[in-house]
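Read the structure below first, then the notes.
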Amino acid sequence: MKKGMKRRLCALFLVLSLLPAAALAEVVGREGMYGDEYIHRIEASNGQSLYYLSKEEEAFVTYRDVNFDGMEDIVVISSQGASNTWFLFFVWDGENYVRAGWDAGDDTGLPNYELLAGDGLLLANSNDGWAGGLHHRWLYRWEGTDLRLVRSAVSEECQETVLDGQTGAIITTTYNDRMCVRVIEPDGEGGQRVLWEGVVTEEQAASDPQAFAQEDAAFWQGISR
């Protein structure tokens, strides 16, 4: 089975395994510009009340050791779509459940996450279109109750921005037949460095199984799996 297919199946099985919380769960309010976010309150196994926002009216909660410390943490769904499901974590710190944070990625939550227990890493990825040709990937390592970015990758429609010398207008052209792909990692000084970048055409993505092989190799370079 191909690695990408295996990861998608693992993500699907994870979503299917999430059942409505057996513990006390209730909607206590609404948020958002259109009132389309539900404020959930759930009661953890230790009696602690936890609150979070979700696009889903029903609370989906599971217990799982997501930070590899041998203790079960709490995983909830913050949003669910056709191709992506976003998750939030409440991790056990020895006394209470603490909402986990992360230093890069989607504010909505961590999409389609996968635990790489052997390396102490967590992988999140989103399908942004073109049958996954457009995508984001984030690789994190735990530091206490927070996730720190190790490496990321993005595949997005190529854009070109130029300044019109006559009008002074900034003109941006989007090319919807090709994807600009980059693999990035933090530089340790608050910035980032590009490890690899390239272009994949829509035709290549549709017909060549190895179209993103260079991206994948750069993403995992120096990281054991």
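What the table shows:
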| item | result |
| --- | --- |
| Two-site FRET efficiency, E95 against W196, from Cβ-Cβ distance with R₀ of 41 Å, rounded to 0.05 | 0.45 |
| Cut-off 11 Å (backbone N to label point 7 Å along Cα→Cβ of R141), residues of the range 182-225 | 223-224 |
| In degrees, nearest ten, helix 3-17 long axis to first principal axis of the chain (Cα) | 30 degrees |
| About the Cα centre, charge dipole magnitude for the chain (Lys/Arg +1, Asp/Glu -1 at Cβ), debye | 620 debye |
| Separation in nanometres of the label points that stand 7 Å from Cα toward Cβ, at V162 and L24 | 6.5 nm |
| Cβ-Cβ FRET estimate between Q210 and D36, R0 fixed at 45 Å, reported to 0.05 | 0.65 |
| For the chain, with +1 on Lys and Arg beta carbons and -1 on Asp and Glu, the positive-most of I170, F89, G190 along the dipole | F89 |
| Added length on full extension, which subtracts the Cα-Cα distance from 0.36 nm per residue, W220 to Y175 | 13.4 nm |
| Per residue, the convex hull volume that the Cα atoms of the range 158-225 enclose (Å³) | 112 Å³ |
| Counting all C-alpha pairs of the chain, share separated by more than 22 Å (%) | 58 percent |
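We did not get these values from a lab; they are worked out from the coordinates using the rules stated. Keep in mind that what you see is a predicted model, and the values were worked out from it rather than measured. A quick note on method: Cβ atoms are made from the backbone with ideal geometry, for glycine too, and the neighbour counts reach across all protein chains shown.
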